[in-house]
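Enquirer: Take this structure first; my questions come after.
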Number of protein chains: 2
Amino acid sequence: MTTIADVARAAGVSVSTVSYALSGRRPISAETRERIQAAIDELGYRPHAGARSLASRQTRVMALAAPLRTDLYVPVIMQFVAAVATAARAHDHDVLLLMNDEGPAGLERVAGGSMVDAFVVMDVATNDPRLPVLRRLREPTVLIGLPGRADGLSCVDLDWEAAGRLAVQHLVDHGHTAVALVGPPPAAYERGTTYAHRFRTGFETAAAETGIRGLAVPCEPSHDGLGASLARVDTEQPGTTGFVVHNEPVVGTLLHALRGSGREVPHDVSVLAVGPHELAEGQAVRLTSIGIPADEIGALAVEMVADLLAGRSPQTTLVAPRLVERDSCAHRSDSSAGV
Amino acid sequence: MTTIADVARAAGVSVSTVSYALSGRRPISAETRERIQAAIDELGYRPHAGARSLASRQTRVMALAAPLRTDLYVPVIMQFVAAVATAARAHDHDVLLLMNDEGPAGLERVAGGSMVDAFVVMDVATNDPRLPVLRRLREPTVLIGLPGRADGLSCVDLDWEAAGRLAVQHLVDHGHTAVALVGPPPAAYERGTTYAHRFRTGFETAAAETGIRGLAVPCEPSHDGLGASLARVDTEQPGTTGFVVHNEPVVGTLLHALRGSGREVPHDVSVLAVGPHELAEGQAVRLTSIGIPADEIGALAVEMVADLLAGRSPQTTLVAPRLVERDSCAHRSDSSAGV
DNA sequence: CTTCATCATCGAAGCGTTTCGACTGCCTAA
DNA sequence: TTAGGCAGTCGAAACGCTTCGATGATGAAG
């Protein structure tokens, strides 16, 4: 293993000079810097991360706490993970992966061992047991998601409530007066995951404000689950012509089920999906959809980590939802509804 | 921050005694051990990972190189990642997440900085550019997947060729004489990902050996992609009554498409899926399927890392495929095929 | 000319562990 | 009785880096 002392010797300078040349914390003459760089290249020197963290008290590693559950749409989770990892690299940091099944203890372990400089935490619940721990730790934290109370912690998330409103508004603009939300599974609502609630709140608020009928039903992500939810919509709110699907695994199934019951999209009913654009585009009818900007949010989370590390104070950022029109929402000029 | 010196002072022993009590590398009397443990608990002491890695030359962290591509079925990837992370914790290791877009350089960076003790590498291609690097590194490596040449590196994967044969055999046992493989996208074949090839090889070998007709077509993971692949099957091999789907995103679509063309599953055609059991069970017809034992393979990978770290030599393990019968494959007593 | 910054560099003191070699009793085998 | 071993402990030397406080030069300001 080649050490900083080897480099110093090869370049004919002292160890501290090499260190300063590398960190730039003190001026080093251009000539010396070049000699040092040459030595580094020739020897293939890489600083020892452990020694560095011991001496400098920072690791250039951030922990990412990722969920490990089945009621979440995994591709989106993965997109967040990838976005955070990639953005972290751009900030010269690595990512230590924590699976949420370790809970608060995992965070304490990793922080206690001085393994990371900061935390990025996904899948936060209203009353997440990790929050008090995170507040106590000296390492800064960025939450992806919005807990009940965020004081002292940075947060970044999609503005789900605005997304819910946007979905309804789009259908209202197309003349629909009875819309249904096919939402996440009941489990997602019961656990305090706030995005499910916030989206539904936006949906219901907008329906009430615009004076149309709106019904929100949760949905298990399976063929039968979708069938049950659809049946509820048909009996509890007959004449529904606008569907909002906030449940990725069932969008394809929903489309087939609607057609199976004689309703053509978009001729008879309109469908608006919430989820990745690839999903929306890969269907029988290209779906108008509200995307989940996971890349943007992940990158933002890392920026916020950098801000906190630089001493700035925690803040909350909500990303505005964006709707992409495709082929699944049509104008409805008359007010009669077909079943 | 509380250090080992604080603990030693509180327990009235020397620093080295605390260290030995913790590592167990030298005998320490029960009484002393208890006093030390009490001090540790009281002070909330956690060893500093950096200092530890500096002195002991091991980090208790393993790197996991995970793919970042879209032609892979993400939930399965995530399952591998979760399995490795969980198993690593069981072995008192943490996981540093590397995204494959960093390529060989990422591995070199992390190894050079002594950040990890070992590598687990996913998504290996036939002629993966990371292989020569990994062989050169002093940290041991376990590959999840099978490259062209595995010498010097440990590998673990599903026995995809056996899986392909198993799929065909199951359909043959049910009297089918014309079977089709709806496979991964062309991109998966073109990149040297061996699992796509191996499955197809198993499929084709078994078809040839049993003397039935077999046709393999790749498939883009979208509604239209499936339509195109299905059309190819219908024209190139009319009378196909057995379908093997090795392409998770389109299984639902395939089912609907078959029904849409008047073919009932399993009455008219049988369908056998390759993928997670949840996927197979969530469909309109519960699909007979061959699972991908990601948990098992991930755990095995970590075991193999532990073996290598303990000085044992590299080895290759192929996990036997398992087929679960559900409702999508039916016996076909007559040999006439309907379109 | 002094005096004072500033630039460029060096030496040494940590940072918190592990591990090696010694040392002290005490027990056992010859 | 003594040599040898072993259990239990200690002190000190690494491990590879950062950073603080010098120390000479050099140049500008008075």
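Laboratory data are not the source of any read-out in this text; all were calculated from the coordinates shown. Only a predicted model underlies this, so the values are computations on that prediction, with no experimental measurement involved. Glycine also receives a Cβ, built like all others from the backbone with ideal geometry; neighbour counts cover every protein chain displayed.
Enquirer: Going by Cα centres, the range B:1-42 and the range A:88-138 are how many Å apart?
Expert: Here the answer is 28 Å between Cα centres.
Enquirer: Out of residues 5 or more away from B:Val245 or on other chains, whose amide H comes under 5 Å of its own, with H placed 1.01 Å from N in the peptide plane?
Expert: When sequence neighbours closer than 5 places are left aside, the close amide H contacts are B:Val182, B:Leu272, B:Ala273, B:Val274.
Enquirer: Normalised by the residues of the range A:4-47, what does the relative contact order come to in percent, with Cα pairs under 8 Å and at least six apart?
Expert: So the answer I get is 43 percent.
Enquirer: Determine, at each q value in 0.16, 0.23, 0.26 (inverse angstroms), the log₁₀ of I(q)/I(0) that the Debye formula gives when each Cα of the range B:257-338 is one equal point scatterer.
Expert: Summing over Cα pairs of the range B:257-338 leads to -0.71, -1.06, -1.19.
Enquirer: What ratio of Cα Rg to 2.2 N^0.38 Å holds for the range B:224-265?
Expert: 1.06
Enquirer: Another question, then. Kindly give Rg over Rh for the protein assembly as shown, based on alpha-carbon atoms, with the Kirkwood expression for the hydrodynamic radius.
Expert: 1.02
Enquirer: Rounded, prolate or oblate: which fits the range A:160-292 when a ≥ b ≥ c are the square roots of the eigenvalues of the alpha-carbon gyration tensor, with rounded for a/c under 1.5 and prolate only if a/b beats b/c?
Expert: The shape class here is rounded.
Enquirer: Moving on. Hand me the trypsin sites (Lys or Arg not before Pro) from the range B:1-47 located in a DSSP loop with no more than 12 other Cβ atoms within 10 Å, in residue order please.
Expert: For trypsin sites (Lys or Arg not before Pro) across the range B:1-47 that sit outside H, G, I, E and B with at most 12 neighbouring Cβ atoms in 10 Å, the list reads B:Arg25.
Enquirer: Would you tally the net charge around A:Leu131, using a Cβ to Cβ cut-off of less than 12 Å, leaving A:Leu131 out, and scoring K and R as +1, D and E as -1?
Expert: Value of the local net charge: +2.
Enquirer: For the range B:1-107, what does the alpha-carbon gyration tensor say about shape, rounded, prolate or oblate, given a ≥ b ≥ c as the root eigenvalues, a/c under 1.5 as rounded, and a/b over b/c as prolate?
Expert: Cα axes put the range B:1-107 in the prolate bin.
Enquirer: Between A:Gly311 and the same site in the other copies, what are the distances in nm, shortest first, taking label points 7 Å from Cα along the C-beta direction?
Expert: Listed shortest first, these distances are 5.1 nm.
Enquirer: Right, next: Apply the Karplus curve 6.51 cos²θ - 1.76 cosθ + 1.60, θ = phi - 60°, to the phi angles in the range A:94-102 and return the couplings in whole Hz, x for Gly and Pro.
Expert: Result, rounded to whole Hz: 10, 10, 9, 8, 10, 8, 5, 5, 6.
Enquirer: Trypsin sites (Lys or Arg not before Pro), restricted to the range A:123-166: which are DSSP loop and have at most 16 other Cβ atoms within 10 Å?
Expert: Answer in residue order: A:Arg138, A:Arg149.
Enquirer: Can you give me the three principal axis dimensions of chain A from its C-alpha atoms, in Å, biggest first?
Expert: For chain A, the Cα extents along the three principal axes come out at 87, 37, 33 Å.
Enquirer: Quick check on chain A: helices-only [θ] at 222 nm, where DSSP H runs of length 4 and up contribute -39,500 (n - 2.57) each and the sum goes over total residues. Nearest 500, please.
Expert: Here the helix-only value at 222 nm equals -14000 deg cm²/dmol.
Enquirer: Here is a further query. Given label points at 7 Å from Cα along Cα→Cβ, what nm distances, shortest first, separate A:Thr2 from the same residue in every other copy?
Expert: Those separations, rounded to one decimal, come out as 4.3 nm.
Enquirer: Compute the separation of the alpha-carbon centres of the range B:186-248 and the range A:231-278 and state it in Å as a whole number.
Expert: Here the answer is 31 Å between Cα centres.
Enquirer: Let me ask something else about it. If every alpha-carbon in the range A:1-55 counts as one equal scatterer, what log10 I(q)/I(0) does Debye give at q = 0.14, 0.15, 0.17, 0.31 1/Å?
Expert: These q points yield log10 I(q)/I(0) values of -0.32, -0.36, -0.47, -1.35.
Enquirer: For B:Gly192, go 7 angstrom from Cα along the Cα-to-Cβ vector, then report the distances to that same point in the other copies in nm, smallest first.
Expert: So the label point of B:Gly192 gives 5.1 nm to the other copies.
Enquirer: Also: Could you work out the longest stretch of chain B that avoids the GluC sites (Glu not before Pro) located in DSSP loops with at most 14 other Cβ atoms within 10 Å?
Expert: No qualifying site falls inside B:1-263, the longest such stretch.
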